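In what follows, a structure is listed as structure tokens, so that the remarks can point back to it.
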Amino acid sequence: MRNILLPMGAILAALLLFGLFVSFAGVNPVEVWVLLFKGAFGDAFSWQNTLQRAAPLMLTALCVAIPARAGLTVIGGEGALVLGGLACAALAHAVRLPENAFGTVLVGVAGALAGALWIALAGWLRQYRGINETISSLLLAYVAIGLFKHIVEGPLRDPASLNKPSTPALPDALLIGGMAGTDVHWGLVVGVVACLAAGLWLRFTPSGFAVRVVGGNPRAAQLVGLPATRLVLLACALGGAAAGLAGAIEVAAVHTSANAALIAGYGYAGILVSFIARHHPLAVIPVAILFGGFGAAGSLLQRRLGLPDASVLLLQGIAFVLILASETLRERDWRSFFARFARFGPSEPVPLVMPAPERAGEEKQA
């Protein structure tokens, strides 16, 4: 229950603080909250925008969630996403692919492979060079973005793209269309299936259980002879493959080519989604839909209230800080805290730091 209540409380507190900030700009917070949820879930058009944004968020969140189950904090999903999109466009440009569903699968595999290799590099640096994976994955994301811009604006630039440098567009036969005549593309199904597969793999397979053991108790994993390095690299590769696949889907379903619009911050938003979901792949699905809705509502806030379209980024930042802060509350023994409050009484100060069990026993004996 605590795993559900604390994230929900953090999101509600973030909405309250966001309302306080916009009130300084002379905007009614209640109207902001109403428009947020109306722009996200108010009608069929809002739902289409929400689900479109939720698809890449699910996959980039897996780039954080799967390595986290192996004990790593990887935050470089943005780099894997842009390289996945670049690999998708580059393969379609360099090789004549079958113009059917099999060709679409191939460009998706190319994107997944590029993302897997990039995030696995962060895992390799951690295991073989002792470099912190949080720092290395973040820096590698900036390297990936620089590499992406260099190739898109240089070797792979389409001469017809004058104002906005882009790679040549994918053939129409390789594009991912919408479902049932809507704007919601099949990438949403891919994201949901990936989350379900990751959850089942971690829960019911020996390799998934081994990854969780490595992340939960590295010393126990070492004592039973688990190949920790191999499992860590596997978790990083799978997470990177998910983010790379997100980039390939964005190219094949939304942009039709690789360009700067691909750098939309989905990799960074996926960090927040994963932390709120407690790195559980199944919980990633509803959280991604929620934050996809917040992202979709940004344009409505701009049109109706004159707030910047990026104001929802402030909401996401506040939520991320509060989610991290709630982790300290998760470990507190609230029953003991309130029991000591009742024993000391409201007029006496209550020590916030509980004595260690050994010292508590010694004090009682004394």
Cα shape, segment 101-188, gyration tensor, a/c 1.5 rule: oblate
Table column - 3J(HN,Hα) (Hz), segment 87-95, Karplus curve with 6.51, -1.76, 1.60, x for Gly and Pro: 5, 4, 5, 5, 5, 5, 7, 8, 10
Average projected area [Cα convex hull, segment 2-331], square nanometres: 18.1 nm²
Degrees between helix 101-129 axis and first principal axis of the chain (Cα, 0 to 90, nearest 10): 40 degrees
Long-range HN-HN contacts of Ser166 with modeled amide H, under 5 Å: Asp158, Ser161
Ellipsoid semi-axes in whole angstrom, largest first, where each is sqrt(5λ) of the Cα gyration tensor of segment 68-227: 34, 22, 12
Residue-span extension gain [Lys164 to Met8] - 0.36 nm each, minus C-alpha spacing: 52.1 nm
For segment 18-161, alpha-carbon Rg over 2.2 N^0.38 Å: 1.35
Alpha-carbon centroids, segment 249-274 and segment 195-227: separation in whole Å: 29 Å
Exposure proxy order (Cβ contacts within 10 Å, fewest to most) of Thr50, Thr205, Thr328: Thr328, Thr205, Thr50
Efficiency of FRET from Cβ geometry, His150 and Arg230, R₀ 51 Å, rounded to 0.05: 0.95
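Here, each number is a calculation from the coordinates, and none is a lab measurement. Predicted model, so just to flag it, every value in this text is computed and none were measured. A quick note on method: Cβ atoms are made from the backbone with ideal geometry, for glycine too, and the neighbour counts reach across all protein chains shown.
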